[in-house]
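The structure appears right after this line, and notes come after that.
The values are calculated or read from the model by the stated rules, or taken from the named source; none is laboratory data. What you see is a predicted model, and the numbers here were worked out from it, not measured in a lab. A quick note on method: Cβ atoms are made from the backbone with ideal geometry, for glycine too, and the neighbour counts reach across all protein chains shown. In case anyone asks, the SASA skips ligands and DNA or RNA and just uses the protein heavy atoms, side chains included. Shrake-Rupley method; radii C 1.70, N 1.55, O 1.52, S 1.80 Å.
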Amino acid sequence: MARQIKKVLSDDEEVKRQAVKAGYDSASQSDIPLKDIKDGIIITSDNRYVGVVEILPIDLIKKPLDEQIRVFQSYGALFKHELYKFNLKMMTDYCNPNELIESIFDNCPSQDKEAVKDSLNDYMDFIISNTRYKSIAVRYFIIHEFYQDGEDRIKEEKEIIDYMKEKNDYIRSKMKGCGNLCVEWQNPNRGVMEFLYYFFNRSTSMRETLTDRMNRMIGDYKAYNLKTGEEKSPRFVDFIAPKGLRFINRNYVYMDGIYYGFMPLSSENFPESVEGGWLNSFLYGRICDIDIIGKKVATTTTRFLLNQYNQTMDMQLGKAEGRGNVGQIQKIFGKLENNRTVSNLLSQGDIMFNTAVIITVRASTEKELKQYMKTISRDFKENNIKFDNTFLFAEDYMLMTMPFMFLTPQFNIIKHNMMASQLGSTYSYSSYSVLDKKGVALGVNLDNRTFFAPDNFNTKRFVNGNWVVIGMSGAGKSFNLMTIGERMVLNGVKVMYILPKKGYEYKNACDNIGGSYIRFIPGEKDCINLLEIRPGKEVDASMLDESVSSYQRSLLSQKVQSVVAWFDLVVDNPLTSKQRKIIQEALYNVYGKFGITDDNETIYNEKGKVKEMPILGDLYEEFMTLEKTDFLEEITDVLYSFVNGQYKLPPVYENLALEVETKAAAEPTTSTTEP
């Protein structure tokens, strides 16, 4: 349809006339069996329902051996009851930082300032130079199809979709038991579209985001409708379809400017014993994807086939013994022993799956593709692993590796029997990488060549947001912290440094991103008003206990409590209860003169802005009106330096606005009484 729209919008009148007359011409959409997406569930053109769950990897290799074994066993339990037909998909490519870059441009403050522009450009250069063509990203998906047997199976579409959503949640919970988090899309339809767009547009997606494509296509459709008088609108399949999908060669598929070749593991040479995570050895950098496709075999069918197979083996065993063929006898005994093992596992509640492993190889040219496939075949042949020939069947394998759970007749040729407990060995979600949308780019992980951009405030991934930077003198700790802070600010995070020593080192970094450099010394116009009441962010009441959420503490009482605590620190002796009461009454009187009470709304003016707040000078004057005592003399002496002494506010001063999106470095004075 996209080609047709371009013809209609062409300046060539003859091309335009033929396009309008011809209507829809064949495009890649016709080769993609996508009918609709509802609540994140794919509906195929033959009315099957497919769910998709994206898995985030963990650093499994660095876990103790007993923990690794527990992960494999827990993962194998996933297949015993809940999955009928599945595709475990691993997709490798150059790292795509588009979401991170979009977030930075959306959230970066003060982009009109030249210094900020320069910092932003340097940051973009760093991200792009260390991601595209340098670092690898591996994405993991579990794709599964709706299936129910028996007379009570559901038939209504809404019920099926709800069932599939529950199945997605079950998979997420099982993967969480393995230590893996799963991506939970805020907009499930959009999340699935992003995945499909990435699958079909591996090259284009690096240059054009799904949002850009959607905006462009919607604009094209509007222009098309305006010129033709029709009322066409884009479908899901229009947004995710590649610009080219061709099955014109017997050996490969050409899609979105990339050549795709397929290498299915031969069922005859399938490895008999493997270690957990063995499929990770099949990942050849960015050029390979791996699909583990499985279909459940009914237990009754499995037992029937085993009985038939055992009868056949018994007949062959008799013939082999008659001929005295020792090698053949040993081979038959091995197969019979294997059948007994399967029967025992079935008796224990295990389930058999027909499984197939398909390696998809990608290259920019046909020659490169042949070289890659030849190299991979040679490497695995040394380990007695062979691949089936895909000659004439490239289209079949392309259809099987699409995320729509289509099984062509070729599946029956390459399938291999595996028990659900054995599928635990296919656990491969261990290429640990962190590329958060709100993260700070730190560089490339040298262990696995993945780009590292963590959001340390992402509580779903990290227990807390604390970092520790350790190093010898001159190793670059300060520079590292300045770089992290600068990049956080460029992604819209508020950053403040409190620096007891060498705060001057951070001044240039503050200037580079339009931040504030604050020096707490006498005579500076920037200061912190000790009596300023700063309203905090609203808390989601749904996350609190009912008794807590119904109670909102007075901001004024909190401020009075903190100011009294400050006085307790600066006076010579600890405050008594009577002295605390004197200070509290004075504070309430001062705030009352500004119209501020325990009602939190009173801190705002008619325009909804925070009112002008009292300063220590106002509190000093309040104390001076009280009857003189030794305690009041001590208090007023302490306050004098902040009112008339060396720390007094200048004639024109600015209170530090902490709510502004700035980065502030603080260099304190040596005074022990400075707040």
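Starting from the Cα gyration tensor of the chain, take the square roots of the eigenvalues, sort them a ≥ b ≥ c, and report rounded, prolate or oblate (rounded when a/c is under 1.5, otherwise prolate if a/b is larger than b/c, else oblate). Mind showing how you got there, number by number?
Values: a/c = 2.50, a/b = 1.94, b/c = 1.29.
Prolate, because a/c is 1.5 or more and a/b exceeds b/c.
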Area of residue 640 that stays accessible when all protein chains are in place (1.4 Å probe, Å², to 10): 110 Å²
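Roughly speaking, to the nearest percent, how much of the chain's 1.4 Å accessible area is carbon and sulfur?
Its accessible area is 49 percent carbon and sulfur atoms.
Of the peptides 76-87, 112-123, how do they stack up when ordered by the mean number of other Cβ atoms within 10 Å, highest first?
Values: 76-87: 19.3, 112-123: 14.6.
Averaged packing, sorted descending, gives the order 76-87, 112-123.
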Exposure of residue 125 as accessible area (Å², to 10), given a probe of 1.4 Å and all protein chains: 100 Å²
FRET efficiency, residue 186 to residue 379 (Cβ-Cβ, R0 51 Å, nearest 0.05): 0.75
Long-range amide H partners of residue 262 with built H, under 5 Å: 361
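Could the peptides 416-423, 264-271 be put in order, highest first, of the mean number of other beta-carbon atoms found within 10 Å of their residues? Could the numbers behind the result be given before it?
On the way: 416-423: 19.5, 264-271: 17.4.
By packing density, highest mean first, the sequence is 416-423, 264-271.
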Accessible area (Å², 1.4 Å probe, nearest 10) - residue 463: 140 Å²
Global form of the range 455-494, assessed from the alpha-carbon gyration tensor, a/c cut-off 1.5: oblate
Note, ³J(HN,Hα) from phi for the range 102-109, Karplus 6.51, -1.76, 1.60, rounded to Hz, x at Gly and Pro: 4, 4, 5, 5, 6, 10, 5, x
Accessible surface, 1.4 Å probe, highest first, among residues 230, 532, 606, 395: 606, 395, 230, 532
Separation in nanometres of the label points that stand 7 Å from Cα toward Cβ, at residue 113 and residue 233: 4.5 nm
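Residue 613: net charge of surrounding residues, Cβ under 13 Å, Lys/Arg +1, Asp/Glu -1, itself excluded? Mind dumping the intermediate values first?
On the way: positive: 534, 559, 593, 609, 611; negative: 532, 612, 618.
Summing Lys and Arg as +1 and Asp and Glu as -1 gives +2.
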Amide hydrogen neighbours beyond the local backbone of residue 516, cut-off 5 Å, H modeled: 663, 664, 665
Vicinal HN-Hα couplings computed from phi for the range 401-418 (Karplus, 6.51 cos²θ - 1.76 cosθ + 1.60; Hz; Gly/Pro x): 8, 5, x, 10, 6, 8, 10, 8, x, 5, 4, 5, 7, 9, 5, 9, 6, 9
Mean ellipticity per residue at 222 nm, deg cm²/dmol - from DSSP H runs of n ≥ 4 across the chain, formula -39500 (n - 2.57): -13000 deg cm²/dmol
Sorted peptide list for 613-619, 30-36, criterion being average Cβ within 10 angstrom, highest first: 613-619, 30-36
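Once you sort the root eigenvalues of the Cα gyration tensor of the range 113-268 as a ≥ b ≥ c, which label holds: rounded (a/c under 1.5), prolate (a/b larger than b/c) or oblate (the other case)?
Values: a/c = 1.44, a/b = 1.24, b/c = 1.16.
Since a/c stays below 1.5, the shape of the range 113-268 is classed as rounded.
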Under-5 Å amide H pairs with residue 436, H placed in peptide plane, nonlocal only: 453, 455
